[in-house]
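Each reported figure results from applying straightforward, stated rules to the coordinates on display, with no laboratory input. This one's a predicted model, so the numbers in the text were calculated from it and none came from an experiment. When we count neighbours, we look across all protein chains shown, and the Cβ atoms used for this are built from the backbone with ideal geometry, even at glycine.
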Amino acid sequence: MLITATQIHDGEKFLPEGSVIELDDNGTIIAIHDASGKSDATFYEGILCPGFVNVHCHMELSHMKGVVPEHTGLIPFLKHIPTYRDKFTEEQKTTARHEAYTEMYNNGIVAIGDIANTTDTLDVRAQDKMHIHTFIESLGFTEERAEMMLGFADTTYKAYASQEAKEKILRQSIVPHAPYSVSPSLFKLINSHTPQSLISIHNQESEAEHYFYLNKEGAVNELLAMLNINTDFFQPSGKSSLQTYVRYFEKEHSFIFVHNTYTGIEDAAIGSGTFAQAYWCLCPNANMYIENRLPDIPMLRSEQRNICIGTDSLASNHKLSILSELQTINKHYPEIGWETLLRWATSNGANALRMADVIGNIKPGTQPGIVQVSVNGIAKRIV
Ligand SMILES: [Zn+2]
């Protein structure tokens, strides 16, 4: 099969005008030809690029679409989640997560970094149409029960690990939920669960998290009190959350910092400097939904941090579309440009999930999937 388009983005950059992609029936890239070689290629309006990588999602929360109001701020948002999360039937939850999976497949997503607190998403993984790294979240802001909390996560982890991968990549790792919901002891247990594992964390999503670590003041105390958690053991470090918790991890882990709404230049330097591989995942539509604020994207970019893209869940987003996330960034920061934005959504995402040998780039031997971004701003999977 030969295809071409107004523009082709190979995951890194736009190719010269008139370039043609040659693929076999399985979607494996055979070659890239220049404009002179092939005149019988099928032409697509707009941009062709590799399939998108959604580095941060929660498919198990798909039934919560529209339940939590917008612009509440993170702490009130989090108070809503346990109240509503289980007020749905199993059938409603199952239908919603299958619809979410299909929505992502159709709008060009080929791989997902998916947060799981339960084994609910074993069924969508079994569909085997997209690559999935499941991040099994451990949480518990308590010192005495840290081993028990890790044990819960480990039971869930084993259920995912025993699922057999067929066509697509299925992987899993245990990760911390967020700095304000994981105690120092639990951080250390997560660090040692699997050496060199891929870790993701909801990082600096609210200003309250910062003050909790700085001097133990602010709204995180209200959240933990609502959850009946005794925080007497917790000593504020006088530093930001990130600068505190990265010390609990060995540098051989790969790290994905998610959200980063209140991440400063020093935090970004320390995060990237600590680990063998560090990625900064932006979920702009969820940030606007919850906090009505974006991270300091120009800073992350000018400091040459590795940036990738996630949708977060339907509890905090109107749709699960990577293109929609890019459109939001483009609206606020048009100077970044589509060449860079598409790199964040494809090859950078593939690198973040450690799947770049299969997806993320249009190059011979890989099976990246091909997405058409049409001139009217719609993403559609064509391969
Ligand atoms: Zn999230």
Most fluctuating residue given options H210, H253, H33, as computed from a GNM of the chain linking Cα atoms under 10 Å: H33
Residue-by-residue Karplus 3J(HN,Hα) for region 118-131, coefficients 6.51, -1.76, 1.60, Hz, glycine and proline x: 9, 9, 4, 8, 4, 6, 6, 4, 5, 5, 6, 9, 10, 6
Dipole of region 52-359 [Lys/Arg +1, Asp/Glu -1 at C-beta], most positive-end residue of G73, V110, H210: V110
Between helix 74-84 and the chain: long-axis angle, C-alpha atoms, 0 to 90°, nearest 10: 90 degrees
Residue with peak Gaussian network fluctuation, the chain [Cα springs, cutoff 10 Å], from P236, P16, P179: P16
Highest-MSF residue in the chain out of Y245, Y211, Y333 [GNM, Cα springs under 10 Å]: Y333
Compactness of region 275-383 - radius of gyration and Dmax, Cα, Å: 14.0, 42
Fewest-first ranking of S237, S181, S206, using other Cβ atoms within 10 Å as the exposure measure: S237, S181, S206
For region 203-230 versus region 311-381, the gap between their alpha-carbon centres in whole angstrom: 33 Å
Lys pairs under 14 Å by Cα in region 52-359, provided they are eight or more residues apart or on distinct chains: 7
Per residue, the convex hull volume that the Cα atoms of region 52-359 enclose (Å³): 119 Å³
Residues of region 268-294 with amide N under 15 Å of a point placed 7 Å along Cα→Cβ from M226: 290-291
DSSP-assigned coil residues among trypsin sites (Lys or Arg not before Pro) in region 1-100, each with at most 15 further Cβ atoms within 10 Å: K13, K87
Mean-position separation - Cα centroids, region 67-102 and region 235-287, in angstrom: 26 Å
Degrees separating the helix 322-332 axis from the principal Cα axis of the chain, which is the longest one: 80 degrees
GluC sites (Glu not before Pro) restricted to region 172-274 and DSSP loop, no more than 13 other C-beta within 10 Å: E217, E250, E252
Potential lengthening between K380 and A35 on full extension [0.36 nm per residue; Cα-Cα distance subtracted]: 121.8 nm
Helix-only mean residue ellipticity at 222 nm for the chain, each DSSP H run of n ≥ 4 adding -39500 (n - 2.57), per residue, nearest 500: -9000 deg cm²/dmol
Contact order normalised by residue count of region 90-138, Cα under 8 Å, 6+ apart, percent: 42 percent
